[in-house]
Every structure is written in C-alpha cells, then in structure tokens.
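**Q** One structure coming up, written as structure tokens, with questions to follow.
The values are calculated or read from the model by the stated rules, or taken from the named source; none is laboratory data. For clarity, every value in this text was computed on a predicted model and none was experimentally measured. For neighbour counting, all protein chains shown are included, and Cβ atoms are generated from backbone atoms with ideal geometry for every residue, glycine included.
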Amino acid sequence: MKSVYVLYIIVFIILLASIVIILFRRKPKRKYSIQAEYINGLHALVNGDQETALARLRNVVRHDTDYIDAYILIGNIFRDTAMVENAIKVHRDLLVRPSLSVEHQKTILSNLVLDYKKNGQFKWALSTCDKILEIDKKNQWAKDIKQGLYEDMADWQGAYDILKKNNSVEKMRKNARLAAYRIEQGLQLSRLKQEHDARLCFRNAIRLDAACFGAYMELVHSYIRDGRQKDALKELKKLIQALPDYADIAIDEFEELFYDMGMFDEIESFYKQIINANPKLSAAFMALAEIYAKKGELVKASEYARKVLQYEPQNQRALFFLIQLENKLRRFESAAQLAVQVSENIGKFFFRCKECGHQQNDYFWRCPSCATWNSAARA
C-alpha cells in the first residue's frame, strides 16, 4: 500500500514538472508597442500617406488616451485634409486636460491658430495668439502670425501696430513694409471718399520710405480724384525729383489724364520746369516732344526727341517716334538711318517681382502672385 502511495507522488511530481517545463518553453505573447505604432504613424506622415498615418495614430490613442502628441497630429491631419472643424474640435478638447506642460499648451494653441486661420475664423485665431503670448510674451511666431492675420483681414492699422513694435526686423525692410500698410490704409479711405485722410496715409508712407514710388503715385491720384489738378501736378513734380528713375512711368501714367482735363499749357510749363531742374531727364524731353507733335509743331517735336537721344542713344521709344516724325517731314534719309538703330523689342515698361518673377505694367507693393511685400523692381 505504501508503494502505491509513493508511486502516486512520483507521478504527480512528474506531471507538475512537465507543466512547468511547458510553461517556460512557451513563447510569451508579444506586447502591443504604442511607441512603435506612433513612430510608424510618423513615418507614414513623412511619406505623405495621411490615411495610414491617421489609422496608426488612432490606434495609439485607443491604447493610451494620454498620448497628447498623437492627438495633436491627428488634428493636423484633419486640417490638412479639409476637415477643419474636426481639427478644431480635437485641438480645442486637448486644452481642457489638466496638467498639460507649457510646451504642450503652446503647441496645441499654435495648431489651433492654424485651424482657425484655415477656416477663415480670423478673430478666433487672433485671440488664440494672445493666449500663446500670455504664456510666452516673447513668442515671435505668435507675433508674426498675428501680423499676417491682420493682413488677411485687411486690418492695416492692426498689422502696422504689430510690426511697429517688432524690433527683430531690419529697419529699412520694416519701414518699407510699414509704408505699404499705410498705402493700403489710404486706399481703403479713398474708397470711402475720405480723400483728405487717405492723403495723410500716403504722406506718412513717404516719410517712412522716401523711395516709396507707390505712395507718391497714390498721392497724385488722390488729388486728381478731388479735382485738385494743380496740387496733383505739384506732387507729380516732387515724385520726379525724388525718384527720377521712375519719371517715365509717372509721366506716362498721368500725361493723358492731364490732357483730358484740358491742362495743355500747365503740363507743357511743368515739363520745362522739370528740365530746368534736371537737364538730363530724358522722360521730360520725350513728353515735350509728344506734346509738340500733338500740336502739329513737328520740327520742334523732332528737336526734343533728338535731345533724348543725346543722353540715351538707344532709347527705342525716342527712335521709333523720331522715325515717324522724319517721315512726316519727308526726311526719308534721316528716317532710314534711324531705323537701323531700332530694335524689334519696343515694349512698355513693366515691373517684375524679385521673388517669383511675376510681371505687369503697373507698380505693385505686394506681389499679386506670391504675396511678397515690396518686391516690385524695374525690369
């Protein structure tokens, strides 16, 4: 009986040992790695596969609802895929969580600003920028995007005030942008028929940036709109004296307008004054030549056109004009000699954006193509 009992004990020990060996030999179940899934989501995002990235990041937050970075990225994907309301909800809901780090708060708020901006909710975006600045007073990103938001809203005074306080921008660039804001503000006032206040803005722009061609031009336009042609001529004279390289553009812009107003004597006298002050200003000589041609004084017109060629022998406009005059005066040999010098590329002046290459005849202080400020240059 004793031997049977011992046998049972031995069998029991063998079975127990077998179970232990089996358990130890069995491979443990592979644990789900949240970090690996998050990294896979990042890789998919970098590769432009937003659908896969979203799926993986959602897996992350299902397993760990405290994974803030994954939620932020989910919101960003929603914004990038035109589901902006969802993006706003995700980012806004994160802000109610307790114990968020300062960096997480700033990151969430920054993305919420971008959400609101994309959704056209500029005032909400501005107030969210202010929350970032409450946390971090020196946050340059928030200041810069606030300035851009004011531009988007066409709130030029707001944009001006932000930039005025920004000491990180080089003074010359800063003043040129401030001048552009003043021009935009002046144009708004012009549309409201408040020409006096508009002119104050244009003059302020010139004080900020003495080379601001657009401000001079708009000042002349404003006086013309107010029916103050003589004041417009005075400002045009100041423009030509301050920016002689732009004289041809200014003259072309306003000459016909002054003719239409019947200011023939005034405009002729004006160009003669300009020539007395600047004897080498070919644009004024050219303008006088065209005036005399219109009056039928072809010999006098020819004399002034030739004065242009004294200073600019390859001036295509003067050459072409003079060829026409010489033919009318039956000076065919002279016309033939001039024709040799004429290029086929007789075109109007134009401006070119220094950033993107956009071209147009009219001056611009903000490129209509790439939205870069103060990028217009003579071509």
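**Q** Give me the pairs: first residue in the stretch 357-376 and part of a loop (DSSP other than H, G, I, E, B), second residue of a type in the set (Val, Ile, Thr), beta-carbon distance under 8 Å, and six or more apart or on different chains, which are they?
**A** Pairs found: TYR363/ILE249; TRP365/ILE183.
**Q** Let me ask another. Just give me the residues in the stretch 205-264 being modelled with pLDDT under 90, under 26 Å from the mean Cα position of the chain (by Cα) and among the charged types (D, E, K, R), in sequence order.
**A** Scanning the stretch 205-264 gives ASP245, GLU253.
Per-residue answers, yes or no, for (1) of a type in the set (Asp, Glu); (2) touching a Gly at 6+ places or on another chain (Cβ under 9 Å):
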{"site": "ALA210", "(1), (2)": "no, no"}
{"site": "SER222", "(1), (2)": "no, yes"}
{"site": "LEU243", "(1), (2)": "no, no"}
{"site": "GLU253", "(1), (2)": "yes, no"}
{"site": "GLN273", "(1), (2)": "no, no"}
{"site": "ALA277", "(1), (2)": "no, no"}
{"site": "ALA283", "(1), (2)": "no, no"}
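**Q** Looking at (1) within 18 Å of ARG207 (Cα to Cα); (2) of a type in the set (A, V, I, L, M, F, W, C); (3) in contact with a helix residue (DSSP H, G or I) (Cβ under 6 Å, 6 or more places away or on another chain); (4) free of Cβ contacts under 8 Å to residues at least 40 places away in the same chain, find the lone condition where CYS129 falls short.
**A** Failing condition for CYS129: (1).
**Q** Within the stretch 230-251, which residues are surrounded by 19 or more Cβ atoms within 10 Å (Cβ to Cβ) and either within 26 Å of TRP156 (Cα to Cα) or not hydroxyl-bearing (Ser, Thr, Tyr) (or both)? So that I can check it myself, show each step before the final result.
**A** At the first step, the residues of the stretch 230-251 found to be surrounded by 19 or more Cβ atoms within 10 Å (Cβ to Cβ) are 232-233, 235-236, 239-240, 246-251.
The answer is ALA232, LEU233, GLU235, LEU236, LEU239, ILE240, ALA247, ASP248, ILE249, ALA250, ILE251.
**Q** Only residues that are without any contact (Cβ under 8 Å) to a residue 24 or more places away in the chain and under 24 Å from TYR259 (Cα atoms): list them for the stretch 308-321, please.
**A** Of the residues in the stretch 308-321, the ones without any contact (Cβ under 8 Å) to a residue 24 or more places away in the chain are 309-310, 319.
Matches in the stretch 308-321: LEU319 only.
**Q** Looking at (1) over 30 Å from ILE183 (Cβ atoms); (2) under 24 Å from the mean Cα position of the chain (by Cα); (3) modelled with pLDDT of 95 or more, find the lone condition where GLN105 falls short.
**A** Against the list (1) over 30 Å from ILE183 (Cβ atoms); (2) under 24 Å from the mean Cα position of the chain (by Cα); (3) modelled with pLDDT of 95 or more, GLN105 comes up short only on (2).
**Q** Can you tell which of ALA232, ALA210, ALA247, ALA176 is part of a helix (DSSP H, G or I), closer than 15 Å to ASN374 by Cβ and touching a helix residue (DSSP H, G or I) at 6+ places or on another chain (Cβ under 9 Å)?
**A** Details: ALA232 fails: closer than 15 Å to ASN374 by Cβ; ALA210 fails: part of a helix (DSSP H, G or I); ALA247 fails: closer than 15 Å to ASN374 by Cβ.
Being part of a helix (DSSP H, G or I), closer than 15 Å to ASN374 by Cβ and touching a helix residue (DSSP H, G or I) at 6+ places or on another chain (Cβ under 9 Å) holds for just one of ALA232, ALA210, ALA247, ALA176, which is ALA176.
**Q** Only residues that are surrounded by fewer than 21 Cβ atoms within 10 Å (Cβ to Cβ) and not in a loop (DSSP other than H, G, I, E, B): list them for the stretch 303-316, please.
**A** Scanning the stretch 303-316 gives GLU303, ARG306, LYS307, LEU309, GLN310, TYR311, GLN316.
**Q** Residues being free of Cβ contacts under 8 Å to residues at least 24 places away in the same chain, within 14 Å of ALA247 (Cα to Cα) and among the aliphatic types (A, V, I, L, M): count how many of those fall in the stretch 271-307.
**A** Within the stretch 271-307, residues that are free of Cβ contacts under 8 Å to residues at least 24 places away in the same chain, within 14 Å of ALA247 (Cα to Cα) and among the aliphatic types (A, V, I, L, M) number 2.
**Q** Being modelled with pLDDT of 85 or more, in contact with a Lys or Arg (Cβ under 9 Å, 6 or more places away or on another chain), surrounded by 14 or more Cβ atoms within 10 Å (Cβ to Cβ) and closer than 29 Å to ALA211 by Cα is the requirement here; does LEU298 meet it? Full working, then the answer.
**A** Details: modelled with pLDDT of 85 or more: yes; in contact with a Lys or Arg (Cβ under 9 Å, 6 or more places away or on another chain): yes; surrounded by 14 or more Cβ atoms within 10 Å (Cβ to Cβ): yes; closer than 29 Å to ALA211 by Cα: no.
Considered against the rule, which asks whether it is modelled with pLDDT of 85 or more, in contact with a Lys or Arg (Cβ under 9 Å, 6 or more places away or on another chain), surrounded by 14 or more Cβ atoms within 10 Å (Cβ to Cβ) and closer than 29 Å to ALA211 by Cα, LEU298 comes out as no.
**Q** Moving on. Mind checking whether some residue in the stretch 79-87 is closer than 30 Å to ASN204 by Cβ and either out of contact with any Phe, Trp or Tyr (no Cβ under 9 Å at 6 or more places or on another chain) or not hydroxyl-bearing (Ser, Thr, Tyr) (or both)? Write out each step before concluding.
**A** Narrowing the stretch 79-87 to residues closer than 30 Å to ASN204 by Cβ: none.
No, there is no match, as no residue in the stretch 79-87 is closer than 30 Å to ASN204 by Cβ and either out of contact with any Phe, Trp or Tyr (no Cβ under 9 Å at 6 or more places or on another chain) or not hydroxyl-bearing (Ser, Thr, Tyr) (or both).
**Q** Among the residues of the stretch 123-143, how many are among the polar types (S, T, N, Q) and buried (at least 19 other Cβ atoms within 10 Å of the Cβ)? Let's see the steps before the verdict.
**A** Start the filter on the stretch 123-143 by keeping residues that are among the polar types (S, T, N, Q), which leaves 127-128, 139-140.
Adding the requirement that they be buried (at least 19 other Cβ atoms within 10 Å of the Cβ) leaves 128.
Total meeting the criteria: 1.
**Q** What's the total number of residues in the stretch 144-164 that are assigned to a loop (DSSP other than H, G, I, E, B) and either crowded, with 16+ Cβ neighbours inside 10 Å or touching a residue at least 60 places away in the same chain (Cβ under 8 Å) (or both)? So that I can check it myself, show each step before the final result.
**A** We begin by selecting, within the stretch 144-164, every residue assigned to a loop (DSSP other than H, G, I, E, B); these are 153-155.
Add one more test, that the residue is either crowded, with 16+ Cβ neighbours inside 10 Å or touching a residue at least 60 places away in the same chain (Cβ under 8 Å) (or both), and what stays is 155.
Count: 1.
**Q** Within 30 Å of HIS104 (Cβ to Cβ), at pLDDT below 95 and basic (Lys, Arg): is that true of LYS165 in this structure? Show your work before the answer.
**A** On the way: within 30 Å of HIS104 (Cβ to Cβ): yes; at pLDDT below 95: yes; basic (Lys, Arg): yes.
So LYS165 passes the test.
**Q** Which is assigned to a helix (DSSP H, G or I), in contact with a Phe, Trp or Tyr (Cβ under 6 Å, 6 or more places away or on another chain) and surrounded by 20 or more Cβ atoms within 10 Å (Cβ to Cβ), of TYR71, TYR116?
**A** Numbers: TYR71 fails: in contact with a Phe, Trp or Tyr (Cβ under 6 Å, 6 or more places away or on another chain).
So the residue among TYR71, TYR116 that is assigned to a helix (DSSP H, G or I), in contact with a Phe, Trp or Tyr (Cβ under 6 Å, 6 or more places away or on another chain) and surrounded by 20 or more Cβ atoms within 10 Å (Cβ to Cβ) is TYR116.
**Q** Still on this structure, please answer the following. Taking into account only those residues within the stretch 78-100 that are modelled with pLDDT of 95 or more and closer than 19 Å to ILE34 by Cβ, which is farthest from the chain's Cα centre (by Cα)?
**A** Within the stretch 78-100, the match that is farthest from the chain's Cα centre (by Cα) is LEU94.
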